[in-house]
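One structure is given below, encoded as structure tokens.
The values are calculated or read from the model by the stated rules, or taken from the named source; none is laboratory data. These numbers were taken from a predicted model, which means no experiment stands behind them. FYI the Cβ positions are ideal-geometry reconstructions off the backbone, even for glycines, and counts take in every protein chain you see.
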Amino acid sequence: MQTVATAAGVSRMTVSNAYNRPDQLTAETRERILQLARDLGYPGPDPAAQSLRRRSAGAIAVVLTSRLTDAFTDPGLVMILHGIAGQLSDAGRALLLVPTSAADTFPVRHAIADAFILCDLAADDPAVTDAVDRHIPVVTIGHPRLPGTPMVAIDNQRSAAMAASYLLELGHRRFGLLSWRPDDAGPAGPRPRSQPRPSIPLRSAGFIGALRRGGVEPASIVRRETANTVEAAAAAMADVLAQPPGQRPTAVFAVTDVLALGVLAAAQSAGIAVPAELSVVGFDNIAAAASSSPPLTTVDHPLVQLGQDAARLALAQLDGQPARPRRLRTELLIRASTGPAPS
């Protein structure tokens, strides 16, 4: 910077203003300085050095329990990130995605960010400790529940119990439960396993608990686990739906809409009519749930609002304002994929 200042015949502060406070210079002076800097091979102030000097990175990091590719392929996560990105964009902040599934690395320790949003992480995940130890604002979406840390969440157990109670009211007594387990196999072979999301077993527990209270023995529930893709879900349910009508479930609850769409695909392949022979309920209310055939009954999970509120809490802390936890409501959206139990 001093070299550019000497060559331009101006002060070092003037060169700094050309990059950081352009309103302090005339357009002609600024362009002359910038062009001279380009001719000398100077790219401008180093962003990392600037962030150290300002004690601000201008970015908020979202810590994911899944692989980075899931941020673009998991519809539920995409909706949460959409909510976060909208708030950060309005505040002039950048969004940094930090996965925790990379083997033998702890990227949270090295993330250049002003705050962390932890997205459904287990309390014992090393990334949680790393984030807290940074002594910058932390917000959690769903999990973990940390003392003194603002959180945005829903009641997963109660929400899944609503689905169970509705199916019981329709007269169903034979049930299937399709849950999500992390997938550790990819096109190129084995890859680091994504960590399980704490919210998923809570949904399963809420569904099973409500059925038990309704007189259904948990041992009679047909359970399957698979990766969170339509194809994997359809394959996981193929043998279940291949059973004779009097033995297979008449209702299936899937802990995500993606899995529920796989159940619909499996039913179609098996020639089973939905909802006349099989009722299907999902969880999340992603866009594809309303346009599926038939439209999917699902628990409406306010995903975009979760992201918006988490971002607001992080920004409030950075501004020195109080940030209070938020519990969001869910509701059961009844569509054409559910009906009375077949006689």
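The table that follows gives values for the structure above.
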{"read-out": "Spans of strands (runs of 3 or more DSSP E) in region 53-134 with at least 2 residues more than 19 Å from residue 197 (Cα to Cα), modelled with pLDDT under 95 and touching a Cys at 6+ places or on another chain (Cβ under 8 Å)", "value": "none"}
{"read-out": "Any hit, region 251-266, residues being within 26 Å of residue 96 (Cβ to Cβ), surrounded by fewer than 22 Cβ atoms within 10 Å (Cβ to Cβ) and either touching a Cys at 6+ places or on another chain (Cβ under 8 Å) or modelled with pLDDT of 95 or more (or both)", "value": "no"}
{"read-out": "Of all residues making up region 299-343, the number that are closer than 17 Å to residue 170 by Cβ and under 17 Å from the mean Cα position of the chain (by Cα)", "value": "1"}
{"read-out": "Selection from region 8-46 of residues that are surrounded by fewer than 16 Cβ atoms within 10 Å (Cβ to Cβ) and of a type in the set (A, V, I, L, M, F, W, C)", "value": "13, 27, 40"}
{"read-out": "Neighbours by Cβ (under 8 Å, 6+ apart or cross-chain): first from region 88-112, farther than 18 Å from residue 123 by Cα and exposed (fewer than 13 other Cβ atoms within 10 Å of the Cβ); second β-branched (Val, Ile, Thr) and at pLDDT below 95", "value": "none"}
{"read-out": "All strands (runs of 3 or more DSSP E) inside region 221-298 with 3 or more residues being under 20 Å from the mean Cα position of the chain (by Cα)", "value": "279-284"}
{"read-out": "Region 129-161, subset hydrophobic (A, V, I, L, M, F, W, C), farther than 22 Å from residue 320 by Cα and touching a Ser or Thr at 6+ places or on another chain (Cβ under 9 Å), residue surrounded by the most Cβ atoms within 10 Å (Cβ to Cβ)", "value": "160"}
{"read-out": "Pairs with Cβ under 7 Å, 6+ apart, first in region 244-264 and in the same structural domain as residue 288 (by TED's automatic domain parsing) and closer than 12 Å to residue 178 by Cα, second at pLDDT below 95 and buried (at least 24 other Cβ atoms within 10 Å of the Cβ)", "value": "255/180; 256/180; 256/228; 258/228; 259/180; 259/228"}
{"read-out": "Enumeration of residues in region 150-181 that are over 19 Å from residue 221 (Cα atoms) and free of Cβ contacts under 8 Å to residues at least 12 places away in the same chain", "value": "none"}
{"read-out": "Filter result for residue 97 (of a type in the set (A, V, I, L, M) and either outside the structural domain of residue 215 (by TED's automatic domain parsing) or over 30 Å from residue 274 (Cα atoms) (or both))", "value": "yes"}
{"read-out": "Answer residue from region 284-343, given it is without any contact (Cβ under 8 Å) to a residue 12 or more places away in the chain and not assigned by TED's automatic domain parsing to the domain that holds residue 149 and is farthest from residue 77 (Cα to Cα) among those", "value": "343"}
